[in-house]
Structure formats: C-alpha cells, structure tokens
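Report on the structure given below.
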Amino acid sequence: MKPRLLNRSSAQSEPFVVRENRYANFLKIWHYHSELELVAIKESMGTRFVGDSIEKFEPGEVLLIGKNLPHMWLNDAAYFVPNSKLIAAAFSIHFKEDFVGQRFLNLPNTEQLAALFTRARRGIRFIDLKFSIIEEINNLIVEKDAFIKLIKLLQILHQLAKHENFVLLSSEGYLNPKIKDGSDKTQEYIFKNFNKPIKLADVAAIAGMNSSAFSRYFKRIHRKTFSRYLIEIRIGYACKLLMENKSNVSTVCYESGFNNISNFNKQFRKIMDMNPSEYVRMHH
C-alpha cells in the first residue's frame, strides 16, 4: 500500500495551520506530508498506523508525526455503522521544521527543539503530559494576534521538547536506512550493511574496541543488545517493503537480511506481535 502525498500547507501562507477536526470517522488514507503534525485525540478509538508501528489509540493520546512519515488513524468498525452516533474528534497542528526561519534551529538555545523534530521522524507518543495540551491548543485557536499565536505554539513545542516520558513509534529500520547519514561510524556501517551478514566483531573493530567491551557499551547506549538492534532494523525495513507491495514475503525475507523464512517469521512475530501476512492484511 503506497502512501499518498497530501498537501497540509496553509492557503494563506501562514507559518502553521491549527484545526479542530470533528467527523463521523477519521480519514481512511495512508498518507504523508512535508509538514510535521501535532495531534491530540479528543474523542475516538481505533487502530493507529505510524510508519511500521500498529497500535490501538484512544482519547487523550498526543503524538508528534515527523515530516514525510506515513500515518493513518483507522476507527473501529462501530464508527462506520450507518446512523452511528459516535464522533471522531481531534486537534491537529501542521507546520514545517523551518516555520520560524531556516536559521532558528541552529541558534544556541534551540537544541531541544531541534532534537524534538529529529525524534519526530519516527513518530512520538507523549505519556503523562504535565499540562493540558487540549487547553493550550484551544487558546491557540481563539488567539487573534498572529505574533502571540506563534509564541503560543513555540511554548507548546518547548514543553513537549522538555518532556522526558515518551515512546518512539516507528523503527529506525523503516526510515530508509539505505540512505541514513550517520555521524557515528559504527551506526553508518550498520545501516549500510544491515541486510548482509554482520558480525559483532566487525562492528566492534570499527569502534576500536574488543567484542565484549563493545557489546556492553552498545547495550548501555541503546538499551538493547546489538543482535536485538540489528533484528529491529531488518524487521523495520521488511515492514516498509511489505507495505509498499514491492515484493512477496519470501523475497522480503532475504532482502531484509534474513537467511531463511522460518527465522524471519519468528523474529517478525516477536517484534510486531503478528506474522508478515497478518501485517499486510492489517494495512490493506
């Protein structure tokens, strides 16, 4: 299923667009756009698709979706029953990374905001926010002064950037690792060679460490073992291929770096809680 490009820019060339959406159900289109999207769900339940992540969603959920990251909110079947009284309601704010100017994120005091936008490329779900984002966005909507409105959005983003309790949704492997530009030589090697046989000793040698020391270092930095990290990269890339209908399951298995179907299915289920065929059916 190839994602559709949607235009979320302002017709009036405003720096950002804020909307309160209220429908019988959310848009059933697997799509992406060049703008980041901040979403706060007011009413609605269903399944959320962000990159290769598939999870249930409910009222109160707050997400920041990065630029060009495919996503979709699919309501439960009850929302599509004729004459249903159910409502899908949410706030959304769309804005470009450089909505306050290209040089803004390079200023000394905007590192947190730049880091937030980088994390958003995988999709962020914020947990236990310490402020009412619904109230903050409501204030943003009713504000008439364009400058004050811009300041209010920056304040919201600043609070989100400081918030430490969050979950990244899509895997690193989904973000087209073939062209990932890694400043870390070991990361760059992993992303360029993830679909080939990779030995821990080879990566450790690039880092100038022995295997045992590198293994401990890697787990401390990434909070997972090297082998788990590599599997997640491969599964994420496999999900991307499956969703885009580029290959059948067998071909995807080998293109993602696995050497047999049995192990591919086993690792896919372990990471995604479903087998590859179920994953494809879910997206269609």
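The values are calculated or read from the model by the stated rules, or taken from the named source; none is laboratory data. If you're wondering where the values come from, they're calculated on a predicted model, not measured in any experiment. Here Cβ is always computed from backbone atoms with ideal geometry, including for glycine, and neighbour counts include all displayed protein chains.
Could you tell me whether any residue of the stretch 95-102 is part of a strand (DSSP E or B) and surrounded by 13 or more Cβ atoms within 10 Å (Cβ to Cβ)? Yes; the residues of the stretch 95-102 include at least one that is part of a strand (DSSP E or B) and surrounded by 13 or more Cβ atoms within 10 Å (Cβ to Cβ).
Filtered by the rule that a residue be among the charged types (D, E, K, R) and either in the same structural domain as His71 (by TED's automatic domain parsing) or over 29 Å from Ser212 (Cα atoms) (or both), the stretch 225-254 gives Lys240, Glu244, Lys246. Considering (1) at pLDDT below 95; (2) in a helix (DSSP H, G or I); (3) not hydroxyl-bearing (Ser, Thr, Tyr), the lone condition that Lys130 does not fulfil carries the number (2).
Here Ser250 fulfils each of the conditions (1) within 30 Å of His71 (Cα to Cα); (2) surrounded by 15 or more Cβ atoms within 10 Å (Cβ to Cβ) apart from (2).
When Ser170 is tested against (1) part of a helix (DSSP H, G or I); (2) in contact with a Lys or Arg (Cβ under 6 Å, 6 or more places away or on another chain); (3) polar (S, T, N, Q), only condition (1) is not met.
The single residue among Leu69, Leu160 that is crowded, with 20+ Cβ neighbours inside 10 Å and over 17 Å from His31 (Cβ atoms) turns out to be Leu160. Here Glu232 meets the list (1) under 22 Å from Pro276 (Cβ atoms); (2) among the acidic types (Asp, Glu); (3) not in a helix (DSSP H, G or I) almost entirely, failing just condition (3).
Looking only at residues in the stretch 253-283 that are in a loop (DSSP other than H, G, I, E, B) and surrounded by fewer than 20 Cβ atoms within 10 Å (Cβ to Cβ), which one is modelled with the lowest pLDDT? So the residue we want is Asp273. Every condition in (1) more than 16 Å from the chain's Cα centre (by Cα); (2) assigned to a loop (DSSP other than H, G, I, E, B); (3) aliphatic (A, V, I, L, M) holds for Ile41 except the one numbered (2). With respect to the numbered conditions (1) in a loop (DSSP other than H, G, I, E, B); (2) touching a Lys or Arg at 6+ places or on another chain (Cβ under 8 Å), which one is the sole condition not fulfilled by Met72? Every condition holds for Met72 apart from (1). Among the residues of the stretch 49-69, which ones are among the acidic types (Asp, Glu) and either farther than 15 Å from Glu172 by Cα or in a helix (DSSP H, G or I) (or both)? Listed by number, the residues that qualify are Glu55, Glu58, Glu61. Can we say Phe226 is closer than 30 Å to Lys28 by Cα and at pLDDT 90 or above? No, not satisfied.
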